Amino acid sequence: MAEVTILPDGVHVVAHADETLLRALARAGLRYRVGCKRGGCGICKVQLKLGEVSYERPIAESVLSDDERVEGICLSCRAVPLTNIVIELQEGDRLRRVLGFAYPNSTKPPGPSGTGPVAKKEGKDTSDG
């Protein structure tokens, strides 16, 4: 199993052995922009920032060039993590929770993200209401 960290959100999911990045995200109830899910369109490209992935099936040069591979671009629908990895979504892409509850194999680190519980300051309430 490999831990996958998704930037810019800092979400963590676990990928099982021989499981693609896209499948691990889906199992955790997370989605983002994808296309064919077969490695033929390139819409699911992500930036591999840290770690190693492999492809169990060949990827066409027209979908993922050698230059892109060298730059760390990978196809999430076909890439299988070999180690713990850090990926970054393409600019404009964002993770969405498919269901409104947390899954045991995904976590979001605490911090001011605007999406978690509201933190309250301790002390005297000075509101007028």
Original post:
Can you list the strands (runs of 3 or more DSSP E) found entirely within the stretch 1-79 that contain at least 1 residues being under 18 Å from ARG94 (Cβ atoms), hydrophobic (A, V, I, L, M, F, W, C) and in contact (Cβ under 8 Å) with a residue 40 or more places away in the chain?
Top reply: 2-7, 11-15, 45-50
**OP:** For ALA28, state whether it is of a type in the set (Gly, Ala, Ser) and surrounded by 16 or more Cβ atoms within 10 Å (Cβ to Cβ).
**Re:** yes
**OP:** Could you please let me know if ALA102 is among the small types (Gly, Ala, Ser), surrounded by fewer than 12 Cβ atoms within 10 Å (Cβ to Cβ) and either assigned to a loop (DSSP other than H, G, I, E, B) or at pLDDT 80 or above (or both)?
**Re:** no
Original post:
Restricting attention to the stretch 60-94, which residues are crowded, with 19+ Cβ neighbours inside 10 Å and either in contact with a strand residue (DSSP E or B) (Cβ under 9 Å, 6 or more places away or on another chain) or at pLDDT 95 or above (or both)?
Top reply: LEU64, CYS74, LEU75, SER76, ARG78, ALA79, VAL80, PRO81, ILE85, ILE87, LEU89
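The values are calculated or read from the model by the stated rules, or taken from the named source; none is laboratory data. Being a predicted model, the structure only gives us computed values, none of them experimental. All Cβ positions, even for glycine, are placed from backbone atoms using ideal geometry, and neighbour counts span all protein chains on display.
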